[in-house]
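Below: one structure, written as structure tokens.
The values are calculated or read from the model by the stated rules, or taken from the named source; none is laboratory data. All values reported here derive from a predicted model rather than from experimental measurement. No Cβ is skipped: glycine too gets one built from the backbone with ideal geometry, and neighbour counts run over all protein chains shown. The area values use the complete protein model at the heavy-atom level, side chains included, leaving out ligands, DNA and RNA. Shrake-Rupley method; radii C 1.70, N 1.55, O 1.52, S 1.80 Å.
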Amino acid sequence: MSTRLQTGGRLIDRNARRGFTFNGRRLEGVAGDTLASALLANDQMLVGRSFKYHRPRGFVAAGAEEPNGLVNLGTGGRFEPNQRATTTELFDGLACASQNHWPSLDFDIGAVNGPLARFLPAGFYYKTFIQPRPFWKHVYEPFIRQSAGLGQVPAERDADRYEHFYAFVDVLVIGGGIAGLQAALAAGRAGARVLLIEQTAHWGGRAPVDGVTIDGHPAEAWIARALKALEGMENVTLRTRCMGAGVYDHGYALGYERVADHSPGDTRPRHRLWKIRAARIITATGAIERPLSFAGNDIPGVMLASAVRDYVANWAVSPGDRTVVVTNNDDAYRTALMLREAGLVVPAIIDARPTASGPLVRAAREAGIRVETGRGIARVKGAKRVTGVALCAQAGEGAVLEEIPCDAVAMSGGWSPVVHLWSHCGGKLTWDAGQAHFRPDPERAPTSHDGAPFVIAAGSANGYLLAGEALADGDAAGKSAVRSLGMAAKGGAVPKAEAEAEGPMTPVWMMPQGAGAELRMKMWLDYQNDVKVSDVQLAAREGYESVEHTKRYTTLGMATDQGKLSNINGLAVLSQSLGADIPQVGTTTFRPPYTPISFGAIAGEARGDTFQPLRRTPMHRWHEENGADWEPVGQWRRPYCYPRDGESREDAVGREVKNTRQNLGLLDASTLGKILVKGPDAGRFLDMLYTNMMSNLKPGKCRYGLMCNENGFLMDDGVVARIDEETFLCHTTSGGAEHIHAHMEDWLQCEWWDWRVYTANLTEQFAQIAVVGPHARDLLEKLGGMDVGAGALPFMAWSEGEIAGVRARVYRISFSGELSYEIAVPASQGLALWEKLVSAGEEFGLMPYGTEALHVMRAEKGFIMIGDETDGTVIPQDLGLHWAISKKKDDYIGKRAQQRAHMVDPERWQLVGLETLGGGVLPEGAYALAPDQNANGQRNTQGRVTSTYYSPTLERGIALGLVRRGPERMGEIIEFATLDGTTMSAKIVDPVFYDKDGEKQNV
Amino acid sequence: MLILHCPHCGVDAEETELAPGGEAHLKRFGPGSSDAEFESYLFHRENPRGVHFERWRHAFGCGKWFIAARATDTLEVFGTYRAQTAAPPQDIRDAITAKRPGWAWRDLA
Amino acid sequence: MSEPVSALDGAACEGFARVAEQGPRGMITLRGDLASVAVKNAATGVAGVDFPGQRECHVVGERGLAWMSPDELMVMLPHAEVPAAVATMTGALSGEHSLVADVSDARALFRIEGPGAREVLAKLAPVDLSPAAFAPGMIRRTRLAQVPAAFWMAGAETFELVCFRSVAQYVFDLLKGAAAPGGEVGYF
């Protein structure tokens, strides 16, 4: 059984007890535990089920590489699936549950997959279930969906908050082991701005566990001194619980700080995503031990030898009473020695190497531990827990020589440097045959904006697995980083780390080397995704030669652990199957993040009210208090209508339209873009920008204009007012202001930079209020301050003065067809003027109206709307706007494009009005049907609806649409398809439905 | 994520402050141009693996356009200069040559 | 005229830094040739502070001059003085290609005060806010989460920040969240 030892545990405080629950069972751990160590201390080795076969699974590792120990963690608003128990710090009241099983962890119906495993080989998704076709939908897919998937989806809104933080440093050191600490010391002493981040809550990495001494003292003493020195440097920042998640172009890196995962509900943000820009990045990310591939290597109780050591040394937890060690290297002997020292039984060390003779081997032998060289494990006995191992000759086919009872197996297949962060941004690897691993190739480091290498690997992440070399490499990395930045590295003796010497390891990719099919089917490579040696071999036989293809076909390394344990073993098996060298086969691509990071951290502040900017006009609060029903227009919120008690939206819109046409309406038009264009060349510039002539507009007058892009397509429209000889104010569509302003600046800066024109986006300087309807003039005259009579202020003119005591510019323009004034006042006066208009307008029957009434009224008048009648493929000529396209100008933006053959094709769809025969309303976007079908068997079309409304004025449906040769076909009746498969008939008519001669707006 | 030096305001701006504007140094063809000229102006773009000249706007900063000489394969930036420049300045071309002898872009080399 | 109303009517909150929307402040955009003596005189004449160099911002109380781009300045002064200042500047620049526009009401102005002020902004803007990189006398136009903004320092621990008026509430909510107690980073 796994249990808490009586003594030891460098990270725990035995006196601080921490209660938690697992699958509802109350358990107890101590402060400093991880969830994994606490579960193991309670003999809970079985923690989950595998993804495909639902095999029972226990902890394999003790850190970020753990593939099995995933739990549903937390409750309510703090529930989160797939949390690694090995990287979850225990806190009082933690609640977690195992996942991926039904009905219970101990008894899982899905495990029926196990015996059927032979029918679920690599690529089974692609081949086994394809035929017969109907079975896929009705049998296979529901079955797979039921049995697949990890964890549960959170049901409640996330209770926590998250944030980002931008940091700029000279040197970012990722990894707080001895190499990282020394690198930070070296860089910090040189005066560089240094940020050192460590993913766990503790500094020092593996050195204290592995019995390393530094300068003659235990590693822990040196680590404490190093930390003290670093804390004393003002230019160095230290951060634990902060994982280097990714390294990106130009020295960008993400640090994932788990601020409050271990103290949920305190006032702190749960996670902080550090967006770091570093001139140099040192990846001191350590190394990960590889499993060995023997039959039954996934049975709970089989663990990495280093993990067994971690549990004993860090948390005083013994994974088993009798632990067999199986290895191909000397390092795993440390596990045997440590277990023996802790008073536990090590029945045997099974060493696959023909001979073993290093100091650690000698020490084990001297301690009386049985060492079997040239041997391997034929298979592990047990189901939900290891009960023993069967020995065989490593060189043979698996004939059992002996069975050894045990309840744990500590395996070691050698170590692989964590090269992920080195590789994220293009760092290349080199194969180290001696250590049988890929390590960073310093000649091919990722390069930055200046072409210089910006990532430096250090310590065991750089292939220096021995403590002495790792520490020296960390020092060299720190110094090399600062030197490359032009700083002088300070001298000083490099601390000397010492550990027992190690003899050479021997690569072992399969145990035993001649294992037959039965055994290979039980050798797991990827624990989480249930990929076995036999699957990779099958893929190779089926022709998958590329490691990237094999990965996707078998799903090797595609689980949440991204193959941290399985990657090298899998590609070694593949290369053997292909008869190729490992470096020839290569690795799959390492992509960020290193381990999964929360969506909350990625979103940061962008959630809830600050999910995206919401733009409010100066009168926003009034609209809110007066029952506005909102419509998003770009990022603006505009009132769609103002429903009164018991009124539907449709009724409200109808009332607002009728009242505006008959009495008086008030519209908040502040969202309209307002761009000032000024300079001696302003007229010339606007002549290029708009399709019509603007340079001959008289000061005091307004003119409607169309703006196209260089493709000829209509992009914006609006009224231009000439302020004085050199100054124009260009109105744009709501939400168009920023991009039209950018469009203007683009042409001014990049094409006509010798033209003397300045622009300023004044959109938000003004609140703009449209006073619309037969009583519009009455209201303004009542408020007084300036002459708004037809003589002083005729249609399409503007004038400046005061309205109700507010400095204002009044434009006599109309988008409704009614008598209309648009009044612009400083935004700080907007609400005050609006309220004055509302109260003074009472006697004239004033009602505010929203965007829908605006739309209905403009459609009744046949006025186009950018975004409705246009979609980025429509030219002004399509919309019958020839009157607004100058014939006199040699050039304007889009003119040449409008001469292209396709643009002058008479077959183009063109704007018409549409009147349904029955008075009904055409569906939005409906297509006009044409005879026959196209090559794809779809019905041919000859037009589409662009705007469609019920007109309260005409008491019938009206629509605008683009129809093939439309204007030539007045009076013709065409059919429109509706969503329910029926059709509606509509007559092609003039697009102006109301007041064709414009008499009402011109009074 | 790129960092580009804005030659107008002097800020080393990260990509999120910038707006891309596509290939630089296009010659505009308007009315009177042939179909082939106009097609080339409107649609034909370089797509090099290596040295490229691109327009960027410091959209969240000073609002000015500039041109970056950049390697599309390594993301190395050889230099940035104001958009009010008809052709890549000599110092930029020299900087590219120093790093990538034998480079070519359109009719430049 | 009614009393001018700022976007949020002086909303404020206390976190590990204090965030407060400021009352209306006069702001005038001046575009022109910044090397021109007329432009320099027009700007310093109404602002009463030294002419700023590239990315500099000189502020004394409500008056100030900020370098916005190679051909743009922001002139700050009390809100009530704007109409007269615009007229004065326009007059002074009559012979000069330039643009003078009142933008006071187009913006919202915030103050972020306290020892944690740098950290509040460093959560939202991709800018090096360490004291070595950003100090009084400088201005930075940048991105605050998803909107444009500009900020400068009005003291050792005080930032002033402008954004567009329509997103004042968004920016206030951002700053409030970034300054919420418990969010201290301890970096600067």
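Quick one: if the Förster radius is 25 Å, what FRET efficiency do B:Asp107 and A:Asp890 give, using the C-beta to C-beta distance and rounding to 0.05? The pair B:Asp107/A:Asp890 has a calculated efficiency of 0.30.
Between the beta carbons of A:Ser484 and A:Lys428, assuming R0 = 30 Å, the FRET efficiency works out to 0.95 to the nearest 0.05. Within chain A, all pairs of alpha-carbon atoms sorted by distance into 10 Å bins from zero give the percentages 2, 10, 15, 16, 13, 11, 12, 11, 7, 2, 0, 0.
Once the mean of 1/r is taken over each pair of separate Cα atoms and inverted, the stretch A:674-763 shows a Kirkwood hydrodynamic radius of 12.7 Å.
Counts of other chain beta carbons within 10 angstrom of each beta carbon in peptide B:22-35 average 3. Our estimate of slack between A:Leu917 and A:Trp755, defined as 0.36 nm per intervening residue step minus the Cα-Cα distance, is 52.9 nm.
The accessible-area ordering, largest first, of the residues A:Arg655, A:Arg552 stands as A:Arg552, A:Arg655, per a 1.4 angstrom probe. Taking the solvent-accessible surface of protein heavy atoms with a 1.4 Å probe, what is the per residue accessible area of the stretch A:523-582 in Å²? Value for the stretch A:523-582: 31 Å² per residue. For A:Pro931, the shell of other residues with beta-carbons less than 11 Å away shows a net charge of -1, using +1 for Lys and Arg and -1 for Asp and Glu.
Net length available on complete extension from A:Ser695 to A:Asn23 is 234.2 nm, with 0.36 nm assigned per residue and the Cα-Cα distance removed.
Counting only protein chain heavy atoms and rolling a 1.4 Å probe, the accessible areas of A:Ser828, C:Ser94 rank, largest first, as C:Ser94, A:Ser828. Within the stretch A:1-53, the trypsin sites (Lys or Arg not before Pro) that combine a DSSP coil assignment with at most 15 other C-beta atoms in a 10 angstrom radius are A:Arg10. Here the Karplus curve 6.51 cos²θ - 1.76 cosθ + 1.60, taken at θ = phi - 60°, turns the phi angles of the stretch A:632-645 into couplings of x, 10, x, 8, 6, 10, 10, x, 7, 6, 10, x, 9, 3 Hz, with x standing for Gly and Pro. Applying the criteria of a DSSP loop state and at most 12 other Cβ atoms within 10 Å to the GluC sites (Glu not before Pro) of the stretch A:594-658 yields no site.
Among A:283-296, A:479-492, sorting by the average number of other beta carbon atoms lying within 10 angstrom of each residue, highest first, gives A:283-296, A:479-492.
Rounded to the nearest 5, what is the percent of antiparallel bridges among the DSSP beta bridges in chain A? Of all bridge pairs located within chain A, approximately 75 percent are antiparallel.
The A-B contact accounts for approximately 2500 Å² of buried accessible area, totalled over both chains at a 1.4 Å probe radius. The portion of the accessible surface of the protein assembly as shown made up by carbon and sulfur, rounded to a whole percent, is 51 (1.4 Å probe; DNA, RNA and ligands excluded). Take the accessible area of C alone and of A alone, subtract that of the pair with a 1.4 Å probe, and the total buried over both chains is about 4200 Å². Between A:Glu624 and A:Glu647, full extension at 0.36 nm per residue minus the direct alpha carbon distance yields a gain of 6.6 nm. Computed about its Cα centre, the charge dipole of the stretch A:523-582 is approximately 40 debye, with only Lys, Arg, Asp and Glu carrying charge at their Cβ. Taking all protein chains together and rolling a 1.4 Å probe, A:Asp687 ends up with roughly 20 Å² accessible.
Directionally averaged projected area (the stretch A:327-485, Cα convex hull): 12.2 nm².
Other residues with beta-carbon under 14 Å from the beta-carbon of C:Pro52 carry, at +1 per Lys or Arg and -1 per Asp or Glu, a net charge of +1. Shielding value for C:101-110 is 5, the average number of Cβ atoms from other chains within 10 Å of each residue's Cβ.
Would you please state the base-10 log of I(q)/I(0) at q = 0.23 1/Å for the stretch B:3-99, with intensities from the Debye formula using one equal scatterer on every alpha carbon? Cα-only, vacuum Debye calculation for the stretch B:3-99: -1.20. Each residue, A:Glu366 and A:Ala742, gets one label point 7 Å from its Cα in the Cβ direction; the gap between the two is 7.2 nm.
Ranking A:Tyr642, A:Val547, A:Ser37 by how far each Cα lies toward the positive end of the dipole of chain A (charges on Cβ) leaves A:Ser37 at the top. Using the Cβ-Cβ distance between C:Thr88 and C:Asp50 with R0 = 25 Å, the FRET efficiency computed as 1/(1 + (r/R0)^6) comes to roughly 0.85.
Net charge of the neighbourhood of A:Glu502, taken over other residues with C-beta under 10 Å away and scored Lys/Arg +1, Asp/Glu -1, is -2. In degrees between 0 and 90, to the nearest 10, how far off the longest principal axis of chain A does helix A:305-315 point, with axes built from Cα atoms? Rounded to the nearest ten degrees, it is 80. Peptide A:268-280 is shielded by partner chain Cβ atoms: per residue, an average of 2 of them sit within 10 Å of its Cβ. The residue list A:Leu485, A:Pro876, B:Trp56 was ranked by how far each Cα lies along the charge dipole of the protein assembly as shown toward its positive end, using unit charges on Cβ atoms, and A:Leu485 comes out on top.
Net charge dipole, the protein assembly as shown: roughly 2400 debye, given to the nearest 20, about the Cα centre with Cβ charges of +1 for Lys and Arg and -1 for Asp and Glu. Model label points for A:Ala580 and A:Arg607, set 7 angstrom from Cα along the Cα-to-Cβ axis, are 4.4 nm apart. Partner lysines whose Cα lies under 20 Å from the Cα of A:Lys698, excluding those fewer than 8 positions away in the same chain, are identified as A:Lys674, A:Lys678, A:Lys887, A:Lys888, A:Lys889. When each pair of different Cα atoms in the stretch C:12-178 is counted once in the 1/r mean, what is the Kirkwood radius in angstroms, to one decimal? So the Kirkwood estimate lands at 16.1 Å. Rounded to the nearest 20, the size of the Cβ-charge dipole of the stretch A:879-1003 about its Cα centre is 560 debye, with Lys and Arg at +1 and Asp and Glu at -1. Of the residues A:Leu429, A:Pro632, B:Ile96, the one whose Cα sits farthest towards the positive end of the charge dipole of the protein assembly as shown is A:Leu429 (charges of +1 on Lys and Arg Cβ, -1 on Asp and Glu Cβ, taken about the Cα centre). Each of A:Glu518 and A:Arg591 was given a label point 7 Å from its Cα along the Cα-to-Cβ line. The distance between the two points is 4.1 nm. Each Cα pair under 8 Å and six or more residues apart adds its sequence gap; the mean of these over the residue count of chain A is a relative contact order of 9 percent.
The solvent-accessible area of A:Asp746, taken with every protein chain present and a 1.4 Å probe, is close to 30 Å².
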